[in-house]
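Scroll down for the structure; my scribbles are underneath it.
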Amino acid sequence: MNQALKDKPAAGLPIRITPESLMRELQQVGEKITRGSQRLANYTEEQLAIATSPKDEVWRQDMVRLYHYRPTVAKPARVPVLLAYALVGRYQMIDLEPDRSFVRKLLAEGLDVYVVDWGVPTRAQRWLTIDDYVSGYLDDCVDFIRERHDVDSINLLGVCQGGVFATCYAALFPEKLKNLVLTVTPLDFHGDQGHEETGAGYMNLWARSLTPDDIDLMVDTMGTAPGALVGFSFLMMAPMGNLTKYTTELVDILDDEAKMLGFLHMERWIADRPGHPGEVMRQWFKDLYQANKLVRSELVLGGRKVELDRIRMPVLNVYATGDVIVPTSCSRGMEGKFGTEDYSELSVPGGHIGTFVGGKAQKILAPSIAQWLRERT
Amino acid sequence: MGGQPVAMFGQALKPLATNLERAYGGLADAFGLAPMRDLQGAARGMASANLAKQQAQAEYLGLVVAALAKGSEGLVTRLQEMGPNGESVDSLLGLVRLWARSAEDAMHAAMQSPKALEASAKLVRAGARSRQQQHRIVALASEALNVPTRAEVDDAYREIQELKREVRRLRKSIDQPRALVAAAARADTVDMAEAALPKPKPARAPATKRKTASKVAAS
């Protein structure tokens, strides 16, 4: 081909792809895919395992389990910390890989860590309410730990939806908590209004676009929302991003052992999406996304009002600067909403999940939380 | 879109079907045809719900396609900006990435618009109604086969859950005094606390061992 023609941008646009370069690129991609396929075929179950930090199951009820992670320091902190993850994903995300494990980092900081695993709800659990989780399972876990460690109160750390449960718990059972840590937690579900941002807070907008009757229709029809459907709703928050993630971005990392394993570990966690009990979903959408009752202290659980001014223990509220699932405007700026005079906020770089597995965030999150707890225990 | 002609045909025949039902429904039931007629009614309902769902899907898909077209326009604009800056796209993968970024922005803007949110809500409604019609058919078949329907099983689950709540409430009311004694012991005022507590009723005493929760000893 004529050199001048070869270098000429296509139709006046700066696209310098020639038939030769295209063939070369396709050949390279083809070779990469072949090598990647061989790599994929050779991975063992052990290599693909997630949540491998040593732990013991110490309590169980229905599908809920409580794990105690084996301390990695000789003398861990006297007051244990209980982590409550969301229902929309499995708890393994906070212990994804040995070098991307929030739990391991907390253990290394000398904390005594418990994690509640909400399990996988089936149709039998469709009638579970937020109160069943908060005043039932979570309270039983807290009581078990208090008794086991012979302490009056423990530290509670909630993640996202688990943070909402933790907030409700702190308001209903303040005497049982020493400190409350919230991470990427939606508190003001209407906080995004007036701060709309393209690509962020889609779930807030979507939930508010439905009528209460739509929510009832959806819940009554589905019962327990299938995990795949919950996963699909997350995929739809960034449809093109997810399209490239499984195509061009995957091709980019096929030759990189560490990145490839990281990708597969994350996918394993994503694919293991549990179902969501219908009644929790009904309350979540109607009382929180639509009526924003939590921050207004109007939420009623089991006949009791969740009054945020009853939260008088110290509160640390952690939010992610790039969170598009829970916009920062929904989680930050809660000073004065709680009854405590000891309220702190911590911003970490990254997104909703990146807070726990991202390189930069990991350096900040666990050490900051541990330091904050040490100062108050 | 295979169900569309059937559904449209069903809609057209609806007045006739209604009047036939009025004239001969009771007679047909007397001859034991009720289950079959119920099933036919449910099938018609499902066809109609499927049609509404397909229409909602088409409306939503139209918005997605429009957003993708806007994304492609954005790609051209971006490329036009790149030229004067001396930037260029040298690979197919690079071009795909650039297009995806542009399409993502357009998609977000479109999907967050009131029109798309309304289309999405319509799709949710239509999807749920279509699913309800499927359940209706399955329920009719289950009843005919003497198998519990989904609604019946759900009712049983609801009763179980209500009983579990009651057990939990009772267990906690029993555990509470015990916890107070433990707390008082920690505060070294156990005698005072015990004296202040009501004496537990004998029938409830064994329940201080939690029955619904099992403890697994840490190894």
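Numerical summary
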| quantity | calculated |
| --- | --- |
| Boolean, B:Lys70 is more than 9 Å from chain A (Cβ to nearest Cβ), touching a residue at least 12 places away in the same chain (Cβ under 8 Å), under 30 Å from A:Leu26 (Cβ atoms) and buried (at least 16 other Cβ atoms within 10 Å of the Cβ) | yes |
| Test: B:Gln40 is without any contact (Cβ under 8 Å) to a residue 60 or more places away in the chain, within 21 Å of B:Pro5 (Cα to Cα) and either crowded, with 19+ Cβ neighbours inside 10 Å or more than 13 Å from every other protein chain (Cβ to nearest Cβ) (or both) | yes |
| Helices (runs of 4 or more DSSP H) enclosed by segment B:1-104 - at least 2 residues per element that are within 18 Å of B:Ile137 (Cβ to Cβ) | B:4-12, B:34-82 |
| Hey, A:Val280 at pLDDT 95 or above, more than 30 Å from B:Leu92 (Cα to Cα) and within 14 Å of chain B (Cβ to nearest Cβ) or not | yes |
| Candidates A:Leu22, A:Leu48, A:Leu40, A:Leu87 - the one that is aliphatic (A, V, I, L, M) and surrounded by 13 or more Cβ atoms within 10 Å (Cβ to Cβ) | A:Leu87 |
| Filtered residue count, segment B:99-134, keeping only those that are more than 15 Å from B:Met46 (Cα to Cα) and either touching a Cys at 6+ places or on another chain (Cβ under 8 Å) or free of Cβ contacts under 8 Å to residues at least 60 places away in the same chain (or both) | 22 |
| Boolean, A:Gln61 is within 14 Å of chain B (Cβ to nearest Cβ), out of contact with any Leu (no Cβ under 6 Å at 6 or more places or on another chain) and surrounded by 11 or more Cβ atoms within 10 Å (Cβ to Cβ) | yes |
| Hits in segment A:64-89 - residues which are within 12 Å of chain B (Cβ to nearest Cβ) and part of a loop (DSSP other than H, G, I, E, B) | A:Arg70, A:Pro71 |
| Residues that are assigned to a helix (DSSP H, G or I) and either of a type in the set (Ser, Thr, Tyr) or touching a strand residue (DSSP E or B) at 6+ places or on another chain (Cβ under 7 Å) (or both), drawn from segment B:125-151 | B:Ser130, B:Ser142 |
| Flag if B:Ala100 is more than 21 Å from the chain's Cα centre (by Cα), facing another protein chain (nearest Cβ under 7 Å) and surrounded by fewer than 17 Cβ atoms within 10 Å (Cβ to Cβ) | no |
| Filtered residues of segment A:106-154 (kept if free of Cβ contacts under 8 Å to residues at least 60 places away in the same chain and among the basic types (Lys, Arg)) | A:Arg146 |
| Selection within segment B:64-97 - over 36 Å from the mean Cα position of the chain (by Cα) and hydroxyl-bearing (Ser, Thr, Tyr) | B:Thr77, B:Ser88, B:Ser91 |
| Residue satisfying condition, being surrounded by fewer than 22 Cβ atoms within 10 Å (Cβ to Cβ) and hydroxyl-bearing (Ser, Thr, Tyr), within set A:Thr185, A:Thr167, A:Thr129 | A:Thr129 |
| Among the residues listed as B:Asp175, B:Asp154, the single one being facing another protein chain (nearest Cβ under 8 Å), part of a helix (DSSP H, G or I) and touching a residue at least 12 places away in the same chain (Cβ under 8 Å) | B:Asp175 |
| Filter pass, B:Lys122 being under 17 Å from the mean Cα position of the chain (by Cα), more than 7 Å from every other protein chain (Cβ to nearest Cβ) and either in a helix (DSSP H, G or I) or under 29 Å from A:Thr129 (Cβ atoms) (or both) | yes |
| Unique match (being basic (Lys, Arg), touching a strand residue (DSSP E or B) at 6+ places or on another chain (Cβ under 6 Å) and not in a loop (DSSP other than H, G, I, E, B)) among A:Arg35, A:Arg60 | A:Arg60 |
| Counted residues, segment A:226-265 - those being under 23 Å from B:Glu104 (Cβ atoms), more than 11 Å from chain B (Cβ to nearest Cβ) and in contact with a strand residue (DSSP E or B) (Cβ under 9 Å, 6 or more places away or on another chain) | 2 |
| Output for segment A:298-332, where each listed residue is more than 26 Å from A:Asp213 (Cβ to Cβ) and small (Gly, Ala, Ser) | A:Ala320, A:Gly322, A:Ser329, A:Ser331 |
| Residue check, B:Gly127 at the interface with chain A (Cβ under 9 Å from one of its Cβ atoms) and at pLDDT below 95 | no |
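A quick yes/no check of all residues on (1) closer than 22 Å to A:Glu196 by Cβ; (2) in contact with a Leu (Cβ under 7 Å, 6 or more places away or on another chain):
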| position | (1), (2) |
| --- | --- |
| A:Glu307 | no, no |
| A:Met313 | no, yes |
| A:Leu316 | no, yes |
| A:Val324 | yes, no |
| A:Thr328 | yes, no |
| A:Ser331 | yes, yes |
| A:Glu335 | no, no |
| A:Phe338 | no, yes |
| A:Ser344 | no, yes |
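The values are calculated or read from the model by the stated rules, or taken from the named source; none is laboratory data. Computed from a prediction, not measured in an experiment: that's the story for all the values here. When we count neighbours, we look across all protein chains shown, and the Cβ atoms used for this are built from the backbone with ideal geometry, even at glycine.
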